Amino acid sequence: MAGIAIQRVVKAYGSTPVIHGIDIAVAEGEFAVLVGPSGCGKSTLLRMIAGLESITDGTIAIGDRVVNDLPPRDRDIAMVFQDYALYPHKTVFENMAFGLRMRKSPEDVVKRKVDAAAEILKIGHLLQRRPSQLSGGQRQRVAMGRAIVRDPKVFLFDEPLSNLDAQLRGEMRVEIKRLHQQIKTTIVYVTHDQVEAMTLADRIAVMKGGYLEQLGTPDDVYSRPASRFVAGFIGSPTMNFVDATIGAAGGTIRLKSGVTLAVPTGRHAELAQLAGRSVVFGIRPEHLSFGARGPDVVGVATKASMVEPLGSDTLVTLSLDGAEMTARFPPEAGVRVGDTVELGISMSRFHLFDPESGHALAVRPKL
């Protein structure tokens, strides 16, 4: 296995830049996920690592080799694509063995490696079938098996689960996580699905418009987002955002609705430098409670404008004189549209963002 060093990488098509000087270091054996909305540049960056796209500027190194000018076959990587890319006329065994046979590997080595990969992926009973006889999940396992038998330094995954239904995506996430725990090879994985990113990654690179917004652990990007974009993209339902103003000495936050929230004493010094400043107040739905219970929880009167039962919990959209927040309540709360609800806001969990740049001004501390 090998690490990957992406240094000041730029990609432009003619005079149009699409990747703007990105720096990412992926450690040996790490599972790194590139996540972001469509068009953010994540697949382009992956294809540059693979050698399928040229690099306009900067360097990419795999292990101790700079690979900018190396063709894909010489980079010792294996790529798993969104569309499986299996040969329809070949059996599962032949699809998995194809790369090894192209390298002129002895047949006993081919059989041993294919059988070992099939055992890891639980597809040994499918080796004589053709892709048309397989389900979507089975085809994706074959595509992963074809990559495993090559024993590469790095695995690259390009949205491999996007063609699967929701239940199968969940099952395949578990399989991919288990696979990484077994083979411990470096993985760079591209997805637009923040659930995949959070559940699979050791570290997440959140991208927007060809820029790297934040690189960190799942807990970092969820609990301490570097920008309003990251805060809104990671987490479902999204973080609540309300325009606000910081009070004198950082002791209060006044929402645009006119509601004033007392800030816990421990965060006064942090907010004092922002006194009088316009900000965006952010808080996640799970940090809003049904009723004001617990330390540092401020209660405000709201009215329920929408109720979405999810079984294990209920999402309730609440109006605060023009501002709206979505809260995650227990189903036994029994809230109905039109009900007046005391909403508890956990003031140890809020985030503040600059209204213009979107950069984080204050995030909740580690607890």
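The values are calculated or read from the model by the stated rules, or taken from the named source; none is laboratory data. Computed from a predicted structure; not experimentally measured. Quick reminder, even Gly has a Cβ in these numbers, built from the backbone with ideal geometry, and neighbours come from all protein chains shown. Remember, those area values only see protein heavy atoms, side chains included, never the ligands or the DNA or RNA. Shrake-Rupley method; radii C 1.70, N 1.55, O 1.52, S 1.80 Å.
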Total charge dipole magnitude, the stretch 72-187, about the Cα centre, Cβ charges on Lys, Arg, Asp, Glu only, Debye to nearest 20: 220 debye
Most fluctuating residue given options ASN163, ASN68, ASN240, as computed from a GNM of the chain linking Cα atoms under 10 Å: ASN163
Counting sequence-distant residues (5 or more places) and residues on other chains, those with an amide H built under 5 Å from that of GLU28 are GLY3
Can you give me the relative contact order of the stretch 1-95 as a percent, contacts being Cα pairs under 8 Å and 6 or more apart? 28 percent
Considering only protein heavy atoms, what is the solvent-accessible area of ASP219 at a probe of 1.4 Å, reported in Å² to the nearest 10? 80 Å²
What helices does the chain have that are whole DSSP H segments, at least 15 Å long along their own axis by Cα, and with mean Kyte-Doolittle hydropathy of -0.5 or more? 92-102, 107-121
Once you list every other residue whose beta carbon is under 9 Å from the beta carbon of GLY216, what net charge do they have if Lys and Arg are +1 and Asp and Glu are -1? 0
For the stretch 136-214, what does the alpha-carbon gyration tensor say about shape, rounded, prolate or oblate, given a ≥ b ≥ c as the root eigenvalues, a/c under 1.5 as rounded, and a/b over b/c as prolate? oblate
Take the alpha carbon atoms of the stretch 61-126, find their center, do the same for the stretch 250-266, and report the distance between the two centers in whole angstrom. 58 Å
Interchain or sequence-distant (5+) residues whose placed amide H lies within less than 5 Å of the amide H of ASP57 are VAL10
Give me the accessible area per residue for the stretch 264-367, probe 1.4 Å, as a whole number in Å². 49 Å²
Express in nm, to one decimal, how much length is gained between THR56 and GLN273 on full extension, taking 0.36 nm for each residue of separation and deducting their alpha carbon distance. 73.9 nm
Quick one: pull the percent of accessible area on the stretch 151-267 belonging to carbon and sulfur, 1.4 Å probe, ligands and nucleic acids left out. 49 percent
Taking the alpha-carbon centroid of each part, what is the distance from the stretch 286-308 to the stretch 331-353 in angstrom? 2 Å
Cross-link list LYS42/LYS177; LYS42/LYS104; LYS177/LYS208; LYS42/LYS256; LYS11/LYS113: which exceed 29 angstrom alpha carbon to alpha carbon? LYS42/LYS104; LYS42/LYS256; LYS11/LYS113
Please enumerate, by chain and number, the aspartates and glutamates with C-alpha under 17 Å from the C-alpha of LYS111, excluding those fewer than 8 residues away in the same chain. GLU94, GLU119, ASP151
For the chain, calculate the relative contact order in percent as a whole number, restricting contacts to Cα pairs under 8 Å that are 6 or more residues apart. 15 percent
Restricting to DSSP H runs of at least four residues, report the calculated mean residue ellipticity at 222 nm for the chain, -39500 (n - 2.57) per run over all residues, nearest 500 deg cm²/dmol. -7000 deg cm²/dmol
